[in-house]
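Structure record follows, encoded as structure tokens.
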Amino acid sequence: MEPTDLAFAGVSRQAELVRSGEVSSRELVELYLGRIDRLQPQLNCFSKVMGERALAEGQQADARRGAHAERPLLGVPVAVKDVHDVAGEVTTMGTAAHDGRPAARDSEIVRRIRSAGAVIIGKTTTPELAIMGDTEGLAFGVTRNPWDLDRSAGGSSGGSGAAVAAGLCAAATASDGAGSIRYPAANCGLFGLKPQRDRVSLAPWREHWHGLSVNGFEARSVRDTALLLDLAADHPPERPFAEAAASPPGSLRVAVSVKPPPFLLPPSPLMRVHPELSGAVEDTAGLLRSLGHAVEQRDPDYGFASADVVTRYLRGIADDARAMARPERLQRRTRGIARLGRIYNDRLLGMALAREAGHAERLGRLFRDHDVLLTPMTARPPVRAGQWEGLPGLPTVLGMTRVYPFAVIWNMTGQPAAAVPAGLSSDGLPIAVQLVGRPGDEATLLSLAAQIEAERRWPDRRPPLSYV
């Protein structure tokens, strides 16, 4: 296999190649370290490359294979978002305000993939405290999209998304508190699934952003995502996700909506969806009809759920900022957003949390008649890299709601949602649609997304930079 093809083979295929002896783990690590050496200066997607450690882990993986060890990810190089602990490494959270102490142990998501045999090749960039839909900040600079270095890789898992898209690792851990798995996947041409709340452990955190945040992965294919989710799941389903991804979905009832939730009151013309994104939804709806699914237009009843989402998001940022060892080192924008969050005292937060069940019931009425909801993933194609760099807190938050209105509602309800590639924009940039499933029903999203992948074959597309 050609080196570039091997770099883009994905976790499932690479694991098969290591098991068969066709390639060694050390060869994979060396391949990726060489690509990182060439492309990291342009992409800035790693905050820490763990080269010597990864080579040693690759050597150990090869020794285990020689001893006939059976591990599903044995020897496969995977990156870790710099909000997840790797034992012996500092977890920066994208900021200089941390305490500088190396983590004593792996986060649970890292422990699980390492137990499955993965080799940790490095930590990927994230905006300060993972608060942005772009990956930018004073601590590590701007992470760039491998499809166009002038465009955003998305956030807050932008380093993970750019690294996987550019073929610098087989997959990467990610987290999603307001769309942060799905936006980088959309911007970088990947499949990004936000799992059901509590599906994947947040440990050592008990919860994050008052129930909005979940852990997951950036990966090229549905098959890879399903495998990783099976390995990381704290509450696995009765039927493995990999089996669901390999099974046809049957005939589904699909609701389609391009109506954004009302984040701005009164509704603003700035919230209109770009024609190329609404067109991607129409094209996907047509594809689904051709595959035998019943597709009809229906808007979710969002009500005023967004107000309570904003309460939890902003208060969560304020809590994170308060917990930092050196809060004076936080950048001005983060301090401004934290000040907004402190407006929401415990009483207001409690009221917002208490209303979750009512919001979920109202939004859930759509899923009594439909199996899946199809929406745009974003309202705009990938924005300029560093789009909000240097802006104060409030303009940043308002700017992000205009680009990313469709994702965070489903963090509040906790149900699974996925970014599914839908081709390229007129500028040659990846664009995506969003599939939302019933609570606990990642299986249907994986099965349907795999059917779409078989038609669109997005894992075969690589950014021009990947051939450097």
What are the lysines whose alpha-carbon lies under 27 Å from the alpha-carbon of K81, with same-chain residues fewer than 8 places away excluded?
K48, K123, K194
Give me the extension gain from S426 to R457: residue separation times 0.36 nm, minus the current Cα-Cα distance, reported in nm with one decimal.
9.3 nm
Stretch gain in nm, segment Q59-I343, where the contour uses 0.36 nm per residue and the Cα spacing is subtracted:
97.0 nm
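Given the DSSP H assignment, sum -39500 (n - 2.57) over each helix run of at least 4 residues in the chain and divide by its residue total; what's the result at 222 nm in deg cm²/dmol, nearest 500? Kindly include the intermediate steps, with their values, before the conclusion.
Details: 18 runs with 189 residues, N = 468.
So the helix-based figure for the chain works out to -12000 deg cm²/dmol.
When only C-alpha pairs under 8 Å and at least 6 residues apart count, what is the relative contact order of the range 1-71, in percent? Intermediate results must be reported in sequence, preceding the final value.
On the way: 25 pairs, mean separation 26.2, N = 71.
Relative contact order comes out at 37 percent.
Could you work out the mean projected area of the convex hull around the alpha carbons of the range 248-400, in square nanometres to one decimal? Provide the component values of the computation, followed by the final result.
Working: hull surface 47.0 nm².
Mean projected area of the Cα convex hull: 11.8 nm².
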Most exposed first, judged by fewest Cβ atoms within 10 angstrom, D198, D441 run D198, D441
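How much of the calculated P(r) for the chain lies past 36 Å, in percent of all Cα pairs? Before the final figure, lay out each step's value.
Details: 22758 of 109278 pairs.
It works out to 21 percent of all Cα pairs.
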For a footprinting-style exposure proxy, rank D230, D150 by other Cβ within 10 Å, fewest first.
D150, D230
Translational diffusion coefficient, Stokes-Einstein: compute it for the range 254-335 using the Kirkwood radius over C-alpha pairs as Rh, at 4 °C and 1.567 mPa s, and state it as an integer in µm² s⁻¹.
80 µm²/s
Over the chain, what is the relative contact order in percent, taking alpha-carbon pairs closer than 8 angstrom and at least six residues apart?
18 percent
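How much of the DSSP bridge set in the chain is antiparallel, in percent, rounded to the nearest 5?
Given both bridge residues lie in the chain, the antiparallel proportion sits at roughly 65 percent.
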Given a cut-off of under 8 Å on Cα pairs at least six residues apart, what relative contact order in percent is computed for the range 1-125?
31 percent
I'd like the chymotrypsin sites (Phe, Trp or Tyr not before Pro) in the range 202-279 restricted to DSSP loop residues with at most 10 other Cβ atoms within 10 Å, sorted by number.
none
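On full extension of the chain, what length is gained from A360 through D5, given 0.36 nm per residue of separation minus the C-alpha to C-alpha distance? It would help to have the intermediate numbers written out before the result.
Numbers: separation 355, 0.36 × 355 = 127.80 nm, distance 4.35 nm.
Here the answer is 123.4 nm.
What FRET efficiency do you get for E243 and E22 if R0 is 35 Å and r is their Cβ-Cβ distance, rounded to the nearest 0.05?
Details: r = 25 Å, r/R0 = 0.72.
Efficiency, rounded to the nearest 0.05: 0.90.
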So if I take the centroid of the Cα atoms in the range 375-390 and the same for the range 30-81, what is the distance between those two points in Å?
31 Å
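For the ranges 322-328, 302-308, what's the packing order if you count other beta-carbon atoms within 10 Å of each residue, average per peptide, and put the highest first? List each step's numbers first, then the result.
Details: 322-328: 12.4, 302-308: 18.3.
Ranked from most to least packed, the peptides come out as 302-308, 322-328.
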Place +1 on the Cβ of every Lys and Arg and -1 on the Cβ of every Asp and Glu in the range 251-352, take the dipole about the Cα centre, and give the residue among L288, A318, M271 whose Cα lies farthest towards its positive end.
A318
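How about the range 361-394: which trypsin sites (Lys or Arg not before Pro) there are in a DSSP loop, with at most 15 other Cβ atoms within 10 Å of their Cβ? Let's see the in-between values first.
Working: sites: R362, R365, R368, R384; in loops: R365.
Here the sparse-neighbourhood loop sites are R365.
To the nearest 20 debye, what is the magnitude of the charge dipole of the chain about its Cα centre, counting +1 on the Cβ of each Lys and Arg and -1 on the Cβ of each Asp and Glu?
Numbers: 55 positive and 53 negative charges, 197 e Å.
Roughly 940 debye for the chain.
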Hey, fewest Cβ within 10 Å first, where do E128, E243 land in order?
E243, E128
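A short reminder: the numbers here are calculations on the coordinates, not readings from a lab. None of the values given here were measured: they were computed from a predicted structure. Every residue, glycine among them, receives a Cβ derived from its backbone with ideal geometry; neighbour counts consider all protein chains shown.
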